[in-house]
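A short worksheet on the structure shown next.
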Amino acid sequence: MGDEEIDEDLEARLKSAPYLVTHKVVHQRISQSPMETRGVVAIGDGAEELTLYITCQSPHVVARWTSLALGLPQTAIRVIAKDVGGGFGLKNHPWKEEVAVILAALNFGRPLKWIEDRYENLVAANQAREAEMVLQVALDADGKLLASHGDYSCNNGAYPQLADCNIAVQMFLWAAYKMPVYGFLTRGWYTNTVGLAAYRGPWAMESLIRETALDVAARRIASIQSRFAAATWSR
């Protein structure tokens, strides 16, 4: 990270600031690990009707997604979601395993069920996070924000829920603060790991790195000012 050039005007603002804090956060990969794993029962009713009992957070999204995938009218698909057992973003829509069961049920013309076991969940279900970010924050002598630059990367894995470079991190980073100038670089990588999925606000890096960076800045400024005051008093 950090090999690409920063905008010249922004770089000048950062370098000329009385205080410049560079802060890095590396967020580990997370497995959603819902209390109850994924599961589906698919029941075909004739050629164009389908009933799904599925652990999901969004029954209407499942119906819509399935209707688009199968070319069936959404009104022909009944989705029943009872006890979800925890979702955290993983159960927003059918994944490849649920889709395979639905297709097999339609092809065989009989109800089929699949219940994910815990081992499958830990090694094959899409996971979250695994991101890192370097944030530069420039402040004036009084601690007022002057400029900032963010450099962000995230691991999409092999088959992500959506290919993502998490632009939301950049959109939300300084939304609650008066930041005069902000620039950023954001990337998403494909790797041979389990695919990326949502997890309880997938842009959470923005709050983590911003607030910890400001804590670092506050402590540094306070320490410098304290030493300066002590030196002045000793004279």
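The values are calculated or read from the model by the stated rules, or taken from the named source; none is laboratory data. Worth saying up front: this structure is predicted, and the values here are computed from it rather than measured. Note that each Cβ is placed from the backbone with ideal geometry, even for glycine, and that neighbours are counted across all protein chains shown. Keep in mind that these areas ignore ligands, DNA and RNA; they rest on the heavy atoms of the full protein, side chains included. Shrake-Rupley method; radii C 1.70, N 1.55, O 1.52, S 1.80 Å.
Looking across the range 1-28, just one residue is open to solvent by 90 Å² or more (accessible area, probe 1.4 Å), modelled with pLDDT under 95 and either under 23 Å from the mean Cα position of the chain (by Cα) or not charged (D, E, K, R) (or both), and that is GLN28. Checking each residue in the range 100-145 for being small (Gly, Ala, Ser), more than 21 Å from ILE30 (Cβ to Cβ) and surrounded by 12 or more Cβ atoms within 10 Å (Cβ to Cβ) picks out ALA100, ALA104, ALA105, ALA138, GLY143. Which pairs have Cβ atoms under 6 Å, sit 6 or more apart or on different chains, and link a residue in the range 18-42 that is more than 30 Å from GLN136 (Cβ to Cβ) to one that is open to solvent by 40 Å² or more (accessible area, probe 1.4 Å)? Partner pairs satisfying both residue conditions: SER31/LEU122; GLN32/PHE88; GLN32/TYR199; GLY39/ILE115; VAL40/TRP114; VAL41/TYR53; VAL41/LYS113; ALA42/LEU112.
Quick grid of which residues meet (1) within 24 Å of LEU122 (Cβ to Cβ); (2) among the aliphatic types (A, V, I, L, M); (3) free of Cβ contacts under 8 Å to residues at least 60 places away in the same chain; (4) out of contact with any Phe, Trp or Tyr (no Cβ under 9 Å at 6 or more places or on another chain):
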residue: PRO160; (1), (2), (3), (4): yes, no, yes, no
residue: GLN170; (1), (2), (3), (4): no, no, yes, no
residue: VAL181; (1), (2), (3), (4): no, yes, no, yes
residue: GLY195; (1), (2), (3), (4): yes, no, no, no
residue: VAL216; (1), (2), (3), (4): no, yes, no, yes
residue: ARG219; (1), (2), (3), (4): no, no, yes, yes
residue: PHE228; (1), (2), (3), (4): no, no, yes, yes
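Being at pLDDT 95 or above and either buried (at least 16 other Cβ atoms within 10 Å of the Cβ) or not polar (S, T, N, Q) (or both) narrows it down to one residue among PRO180, PRO160; which is it? Selected residue: PRO180, the only one of PRO180, PRO160 that is at pLDDT 95 or above and either buried (at least 16 other Cβ atoms within 10 Å of the Cβ) or not polar (S, T, N, Q) (or both).
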